[in-house]
Amino acid sequence: MRETGAALPSTDRVRVGYAGPETLLVELNRPDRLNAMSGELIDDLHAVWAALAGRTDIRAVVLTGAGRGFCAGLDLVDYDDAGLAATPQERFELQERIAALVTGMRALPQVVIAAVHGPAAGGGLALALGADVRVAGPRAVFAVSFVRIGLSGADIGVSWLLPRLVGASRAFELLLTGRTIGAEEAVRIGLAGSVVDDPRGTALEIAGEVLANSPMGVRMTKQVMWSQLEVGSMQAGIDLENRTQIMTSFTRDHGEAVTAFTERRTPRFEDR
């Protein structure tokens with residue numbers, strides 16, 4: 001992982017560096033706590049999202065965790081000992097800060113690929129669900145943990161994201177029981193795309209495949225896919241597709257792709 005310089009914040013808690021051309025590796029780095037979210041880690045990750053928002057030179061982000069965990073959710077020790085939420089107002093503000101990590105990731109122009117090699121629980125599950133693509137390792141474990149600590153199972157966007165990935169019936173069961181899901185089951189129910197021995201390496205390979213496509217086409221695909229999860233009808237979704245398709249058809253990169261196809265060569269995209 002190569003350094004990115006001052007423009008992209010890298011800290012002891014969230015390490016950031018280039019993992020390849022136009023590809024950034026974001027690694028949660030509290031391995032002794034299974035990368036559970038402290039207040040500082042939450043702030044650090046927000047800073048990374050903010051820095052990425054205007055970066056067209058970075059097109060793919062691989063999100064993972066150091067050590068044996070992806071992210072164990074909110075650090076309950078830090079939550080109590082540091083007085084992160086001493087009043088109802090402070091607790092609500094903390095809740096909004098954590099939830100905004102998921103919506104912030106969704107709003108990024110980059111494709112975000114979660115490489116889940118170990119436990120992803122609670123808020124960590126929300127981060128995985130909020131990514132555009134999920135790759136699981138053999139020891140990956142997904143857990144909707146909220147209901148098991150006396151809270152609602154509906155938290156941090158999980159009750160919106162989960163049924164759209166696995167269906168309402170299965171999402172109800174997972175939210176109400178709080179049971180854990182292994183890697184093989186995660187793939188079977190649609191929570192993850194694949195189980196591989198090296199999820200980080202596979203995530204980087206997927207990033208490379210994404211980068212082979214035109215920048216505008218990829219950005220518009222991400223935007224439309226997320227929007228389609230919210231539109232109220234098939235016709236509204238098709239209308240959105242039609243407008244986006246016509247817009248991208250006028251880019252130089254589309255013309256380059258057509259020319260490259262006829263000339264039997266790899267296209268050279270310029271994001272124009």
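The values are calculated or read from the model by the stated rules, or taken from the named source; none is laboratory data. Everything numeric in this text was worked out from a predicted model, so none of it was measured. So basically every Cβ, Gly included, is an ideal-geometry build from the backbone, and we count neighbours across all protein chains shown.
Structure data summary
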item: Search result, residues across region 214-228 that are surrounded by 12 or more Cβ atoms within 10 Å (Cβ to Cβ) and of a type in the set (A, V, I, L, M, F, W, C); result: Met216, Val218, Met220, Val224, Trp226
item: Hits in region 175-199 (condition: under 24 Å from Leu74 (Cβ atoms) and assigned to a helix (DSSP H, G or I)); result: Leu175, Leu176, Thr177, Ala183, Ala186, Pro199
item: Arg243 being over 24 Å from Val112 (Cβ atoms) and not in a helix (DSSP H, G or I); result: no
item: Residue match in region 91-99 (condition: at pLDDT 90 or above and either of a type in the set (A, V, I, L, M, F, W, C) or closer than 19 Å to Thr202 by Cβ (or both)); result: yes
item: Region 47-73 residues that are on the phi > 0 side of the Ramachandran plot, paired with ones that are in a loop (DSSP other than H, G, I, E, B) and among the small types (Gly, Ala, Ser) (beta carbon under 6 Å, 6 or more apart); result: Gly73/Gly122
item: Residue match in region 190-204 (condition: of a type in the set (Gly, Ala, Ser) and outside the structural domain of Ala120 (by TED's automatic domain parsing)); result: no
item: Residue within region 160-174 that is out of contact with any Ser or Thr (no Cβ under 6 Å at 6 or more places or on another chain), in contact (Cβ under 8 Å) with a residue 60 or more places away in the chain, over 16 Å from Val141 (Cα atoms) and in a helix (DSSP H, G or I) present; result: yes
